[in-house]
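The values are calculated or read from the model by the stated rules, or taken from the named source; none is laboratory data. It should be emphasised that the depicted structure is a prediction, and the values quoted were computed from it without experimental measurement. Glycine gets a Cβ as well: all are built from the backbone with ideal geometry, and neighbour counts include every protein chain shown. Only protein heavy atoms, including side chains, enter the accessible area calculation; ligands, DNA and RNA are left aside. Shrake-Rupley method; radii C 1.70, N 1.55, O 1.52, S 1.80 Å.
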Amino acid sequence: MSEMRAIDRLDTRPRFTDHDAIRLNRMFRGAETEEWLRAVLEGSLAGDVAMVSSFGAESAALLHLVSRIDPSVPVLFLDTGKHFPETLAYRDELAERFGLNLVNLYPDLADLKARDETGLRWSYDPDGCCEIRKVRPLETALAGYDASFTGRKAFQSATRANLPRFEIDTSDAQGRLKINPLIDWDAGRIAAYFEEHDLPRHPLVERGFPSIGCSPCTRPVGEGEDPRAGRWSGWDKVECGIHRPGEEPFL
């Protein structure tokens, strides 16, 4: 294993530190995405890694990239019970086409009964709904990994504009690494990648959904709007809680 050794999960020390994130960003500065992704995965530079995917509008690009290098990487999908039927069908299509190691995560039934028995919490407390249906299940699942891949991209919103490729997950006290392989890809590059590899599009994209979350909290986006403007429209909310806006970047 390389000098970027992952710390054993039974050790009380952090797996990774801010210094490790800075060093990785410097190590791969200027490298092509597939080149450094391959180095990270084949060199075990990030220890045990999982990918977190929403199977949204642009998810196929990263899923395809990673599956070509190591299809055994677990792909964690938060099945909130509120997804568009089109998203679930798209998940199944991509999982079969790419041979993904798909892991579906579900909210805790006791938690749902205690805090959202009617299923309408999204309508008056979207933060609480996301916590029950996304944040808590993912925190439990990620406790077994040293690092996670995300599909975030800088062009999606102002809160993601300055994110680095490697950062420390601030929700994890044990120093889990968060890796953003497509953070410097723009919409044109993603579109070109879809065309080059003949990747299927999410069926809601052509209906005006450039960013796709749960059905009650996602609307189509108008011309000139931020790509994520349709998420939690009318609420002072830009992230579900899995990713925290305003985190300091490591360069």
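Restricted to the range 175-203, and to residues that are over 25 Å from GLU96 (Cα atoms) and small (Gly, Ala, Ser), which residue is surrounded by the most Cβ atoms within 10 Å (Cβ to Cβ)? Show your work before the answer.
Start the filter on the range 175-203 by keeping residues that are over 25 Å from GLU96 (Cα atoms), which leaves 175-178, 183-188.
Filter once more, keeping what is small (Gly, Ala, Ser): 175, 187-188.
Working: GLY175: 19, ALA187: 13, GLY188: 9.
If we take residues in the range 175-203 being over 25 Å from GLU96 (Cα atoms) and small (Gly, Ala, Ser), then GLY175 is surrounded by the most Cβ atoms within 10 Å (Cβ to Cβ).
Of the residues that make up the range 236-245, is at least one among the small types (Gly, Ala, Ser) and at pLDDT below 75? Reasoning before the result, please.
So the first thing to find is which residues in the range 236-245 are among the small types (Gly, Ala, Ser), and the list is 241.
Now restrict to residues that are at pLDDT below 75: 241.
The answer is yes; a qualifying residue exists.
Evaluate the following for THR140: is it surrounded by fewer than 22 Cβ atoms within 10 Å (Cβ to Cβ), of a type in the set (Ser, Thr, Tyr) and on the phi < 0 side of the Ramachandran plot? Reasoning before the result, please.
Details: surrounded by fewer than 22 Cβ atoms within 10 Å (Cβ to Cβ): yes; of a type in the set (Ser, Thr, Tyr): yes; on the phi < 0 side of the Ramachandran plot: yes.
The answer is yes for THR140.
Return a yes/no flag: does the range 111-128 have any residue that is touching a strand residue (DSSP E or B) at 6+ places or on another chain (Cβ under 7 Å), more than 30 Å from GLU42 (Cβ to Cβ) and either at pLDDT 95 or above or surrounded by fewer than 17 Cβ atoms within 10 Å (Cβ to Cβ) (or both).
no
Pull up the range 145-163, narrow it to residues that are at pLDDT below 90 and assigned to a loop (DSSP other than H, G, I, E, B), then point me to the one that is most open to solvent (accessible area, probe 1.4 Å). Show your work before the answer.
First pass over the range 145-163, keeping only residues at pLDDT below 90: 151-163.
Now narrow it down to the ones that are assigned to a loop (DSSP other than H, G, I, E, B): 151-153, 157, 161-163.
Numbers: GLY151: 31, ARG152: 7, LYS153: 8, SER157: 16, ALA161: 51, ASN162: 118, LEU163: 23 Å².
Once the filter is applied, the top-ranked residue is ASN162.
Return the residue satisfying two criteria in turn: it lies in the range 188-237 and is polar (S, T, N, Q) and assigned to a loop (DSSP other than H, G, I, E, B), and of such residues it is farthest from the chain's Cα centre (by Cα).
Initially, the range 188-237 is screened for residues polar (S, T, N, Q), giving 211, 215, 218, 233.
Narrowing further to those that are assigned to a loop (DSSP other than H, G, I, E, B): 211, 233.
Values: SER211: 13, SER233: 20 Å.
Residue satisfying both the conditions and the ranking: SER233.
Let's see how each residue does on (1) in contact with a helix residue (DSSP H, G or I) (Cβ under 7 Å, 6 or more places away or on another chain); (2) modelled with pLDDT of 80 or more; (3) of a type in the set (S, T, N, Q):
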site	(1), (2), (3)
LEU182	yes, yes, no
ALA187	yes, yes, no
VAL205	no, yes, no
GLY230	no, no, no
PRO249	no, no, no
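Tally the residues that are over 16 Å from ARG15 (Cβ atoms), of a type outside the set (Asp, Glu) and in a helix (DSSP H, G or I), restricting the search to the range 31-57.
Number of matching residues: 6.
Counting only residues that are open to solvent by 50 Å² or more (accessible area, probe 1.4 Å) and assigned to a helix (DSSP H, G or I), which one in the range 89-110 is farthest from LEU199 (Cα to Cα)?
Out of the qualifying residues, it is ALA110.
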